[in-house]
Amino acid sequence: MSHWFTSASGWELGESGRGVVSLRSTYDVWQVRAACRGPGARLFFPPAYQERKDEREERERRAKDICASCSVQRNCLDYAMSIRELHGIWGGLTEAERRMLLTQEAG
Ligand code: SF4
């Protein structure tokens with residue numbers, strides 16, 4: 001497969017460029033131990049409406065508090081960095097913070 005597309009539900013759809021598709025689960029053992037599973041998961045992604053700056057900061061602070069107590073934070077961050085996840089808070093870092101980390105690692 002030359003391209004993999006990740007879904008939030010933990011599945012990846014692969015496409016080879018010749019019309020061949022494949023489905024694989026991205027769930028690993030660490031994901032079942034994620035502290036963000038359940039109703040609180042909505043904190044980790046922006047809502048459908050335009051958030052005010054103070055709302056976004058409060059949402060991110062609450063999400064990061066959950067990450068700080070999560071036993072699989074390192075696994076989560078490694079995973080998000082490995083797939084260049086663009087959206088949401090993973091491993092205690094926002095999108096912008098992960099982009100900065102990638103830039104630092106590249107430089
Ligand atoms: S580190 Fe944060 S985003 Fe990652 S699994 Fe734990 S609670 Fe969820």
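Assorted remarks:
- Computed E for residue 62/residue 84 - FRET, C-beta separation, R0 41 angstrom, nearest 0.05: 0.95
- The packing ranking, built from the mean of other Cβ atoms within 10 Å per residue, places the peptides 34-43, 69-78, 84-93, 97-106 in the order 84-93, 69-78, 34-43, 97-106, highest first.
FYI, it's all coordinate maths here, none of it is from the lab. Owing to the predicted nature of the structure, the values given are computational and were not obtained by experimental measurement. Methodologically, a virtual Cβ is constructed for each residue, glycine included, from the backbone with ideal geometry; neighbour enumeration extends over all protein chains shown.
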